Amino acid sequence: MTSLFAWLVPWEPSPTVVICIAAAACLYARGCRTRRVSGWRRFSFWLGLALLYIALQTRLDYYAEHEFFMHRIQHVILHHLGPFLVVISYPGTTLYAGVPLAWRRDWLRPLLNSTPVRVTTNILMYPPIAAILFVGLIYFWLIPSVHFDAMLDVRLYRLMNWGMAVDGLLFWWLVLDHRPAPPAHLSPGMRIFLPIAVMPPQIVLGAILGLSSRDFYTVYSICGRAFADLNPVTDQNLGGLILWIPGSMMSVAAVLVAMRHWTRLDGRRPKARDAAAADRPVATGHLPEATVVRNVSDPGRI
């Protein structure tokens, strides 16, 4: 029990993380009281939220600062797995329902409909920008000189982790959207293409780090390694494999989910067409009865 408690004690406590995680948990719990949410969706949301907390506020954060492969595990959770699980639970309407009605009316709805928020959302949700941000953040923070500074400066370190988590939520929200377009930002086909497009750059970078015999990240040797027996090059190789394989597998999972949504949406189209056809009058050589009666009563109309 003592060892478990020691693992859960934050390495570098962050009130911001605790407040954000607690606020999301409270809103979701309140929303579940008024909305019917399936068991698997609840499980997915709580698991994803718990993983985000674990990655940021437990002993895992210590190991992420002292071993490269643990750092990559942390970022797979923050950028891929945690946001993926949260988004696939489709929590938007549930979280919205958890906001008190007066708050929704007075500030949340006007905020969401404001021009700055809508413009920013449209820019971030533009497919090329979303893909470049998703891959670009991985590459940027793994530039050896940038990574060196980020691991030594707590402000940069927190900016890096927050950026990865927020970008992961935005990207997977864009890709895993189950609605037709519009209101979804992407067509079903584009939702399949986008996760495929971000796979090759991750594979290339993962292969470079996973197969290299040179240690690019000496900051871990300077700060002290959590596992003294682990060779620095081996540590880097393991980190590259984590970037290469789990990162690619998350894209594969996203493609499968997007394909399922596309199939479901395609299945609705014939029904919609049939319903629209049923509402239209049957084309015949004679005017409908109601039209004939109206024209007889008004001889001036044809």
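The values are calculated or read from the model by the stated rules, or taken from the named source; none is laboratory data. No experiment lies behind these values; they were computed from the predicted model shown. Backbone-built Cβ (ideal geometry, glycine too); neighbour counts: all protein chains shown.
Here is a check on your reading of the model: is TYR126 hydroxyl-bearing (Ser, Thr, Tyr), surrounded by 13 or more Cβ atoms within 10 Å (Cβ to Cβ) and at pLDDT below 95? Full working, then the answer.
Working: hydroxyl-bearing (Ser, Thr, Tyr): yes; surrounded by 13 or more Cβ atoms within 10 Å (Cβ to Cβ): yes; at pLDDT below 95: yes.
Answer is yes for this residue.
Residues of the range 153-185 that are of a type in the set (A, V, I, L, M), closer than 17 Å to PRO83 by Cβ and either in contact with a Gly (Cβ under 9 Å, 6 or more places away or on another chain) or in contact (Cβ under 8 Å) with a residue 40 or more places away in the chain (or both): MET164, ALA165, LEU169, LEU170, LEU174, VAL175, LEU176.
Candidates are the residues of the range 196-221 that are over 22 Å from LEU174 (Cβ atoms) and among the small types (Gly, Ala, Ser); the one that is modelled with the lowest pLDDT is SER221.
When restricted to residues that are under 17 Å from LEU169 (Cβ atoms) and either buried (at least 17 other Cβ atoms within 10 Å of the Cβ) or hydroxyl-bearing (Ser, Thr, Tyr) (or both), the range 1-19 contains 2.
Checked against (1) at pLDDT 95 or above; (2) β-branched (Val, Ile, Thr); (3) closer than 28 Å to TYR220 by Cα, VAL86 passes all but condition (3).
Would the range 197-215 turn up any residue that is under 23 Å from PHE140 (Cα atoms) and within 15 Å of the chain's Cα centre (by Cα)? Walk me through how you get there before you give the answer.
Taking the range 197-215 and keeping what is under 23 Å from PHE140 (Cα atoms), we get 197-215.
Within this subset, residues satisfying the condition of being within 15 Å of the chain's Cα centre (by Cα) are 198.
Looking for residues that are under 23 Å from PHE140 (Cα atoms) and within 15 Å of the chain's Cα centre (by Cα), one finds at least one in the range 197-215, hence yes.
Going by the conditions given, is THR120 polar (S, T, N, Q) and closer than 28 Å to ILE196 by Cβ? Considered against the rule, which asks whether it is polar (S, T, N, Q) and closer than 28 Å to ILE196 by Cβ, THR120 comes out as yes. Those residues that are without any contact (Cβ under 8 Å) to a residue 40 or more places away in the chain and assigned to a loop (DSSP other than H, G, I, E, B), I need them from the range 135-151; list them, please. ILE143, the sole residue that qualifies.
Can you find, within the range 26-54, the residue that is farthest from the chain's Cα centre (by Cα) among those that are free of Cβ contacts under 8 Å to residues at least 60 places away in the same chain and closer than 22 Å to VAL9 by Cα? Looking at residues that are free of Cβ contacts under 8 Å to residues at least 60 places away in the same chain and closer than 22 Å to VAL9 by Cα, I get ILE54.
Counting only helices (runs of 4 or more DSSP H) that sit completely within the range 38-116, those holding 1 or more residues that are in contact with a Gly (Cβ under 8 Å, 6 or more places away or on another chain), of a type outside the set (A, V, I, L, M) and surrounded by 15 or more Cβ atoms within 10 Å (Cβ to Cβ) correspond to 39-57, 60-66, 68-76, 82-88, 92-98.
Go over the candidates LEU194, LEU169, LEU209, LEU176 one by one and state the one that is farther than 30 Å from CYS20 by Cβ, hydrophobic (A, V, I, L, M, F, W, C) and in contact with a helix residue (DSSP H, G or I) (Cβ under 6 Å, 6 or more places away or on another chain). Going through LEU194, LEU169, LEU209, LEU176 in turn, just one is farther than 30 Å from CYS20 by Cβ, hydrophobic (A, V, I, L, M, F, W, C) and in contact with a helix residue (DSSP H, G or I) (Cβ under 6 Å, 6 or more places away or on another chain): LEU209. Of the residues making up the range 221-255, those that are more than 20 Å from PRO201 (Cα to Cα), out of contact with any Phe, Trp or Tyr (no Cβ under 6 Å at 6 or more places or on another chain) and either in contact (Cβ under 8 Å) with a residue 12 or more places away in the chain or not charged (D, E, K, R) (or both) are SER221, ILE222, CYS223, GLY224, ARG225, PHE227, ALA228, LEU230, ASN231, PRO232, VAL233, THR234.
For every residue, the table says whether it meets (1) on the phi > 0 side of the Ramachandran plot; (2) modelled with pLDDT under 50; (3) outside any loop (DSSP other than H, G, I, E, B); (4) not charged (D, E, K, R).
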| site | (1), (2), (3), (4) |
| --- | --- |
| ALA228 | no, no, no, yes |
| ASN237 | no, no, yes, yes |
| SER248 | no, no, yes, yes |
| GLY267 | no, no, yes, yes |
| PRO270 | no, no, yes, yes |
| ALA283 | no, yes, no, yes |
| VAL292 | no, yes, yes, yes |
| ARG301 | no, yes, no, no |
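Scanning the range 152-193 for residues that are among the acidic types (Asp, Glu) and more than 15 Å from the chain's Cα centre (by Cα) gives a single hit, ASP153.
Given the condition closer than 30 Å to SER221 by Cα, free of Cβ contacts under 8 Å to residues at least 60 places away in the same chain and touching a helix residue (DSSP H, G or I) at 6+ places or on another chain (Cβ under 7 Å), answer yes or no: does some residue in the range 108-122 qualify?
Pass one, the range 108-122, residues closer than 30 Å to SER221 by Cα: none.
The answer is no; no qualifying residue exists.
Just give me the residues in the range 204-225 being hydrophobic (A, V, I, L, M, F, W, C) and buried (at least 17 other Cβ atoms within 10 Å of the Cβ), in sequence order. Within the range 204-225, LEU205, LEU209, PHE216, VAL219 qualify.
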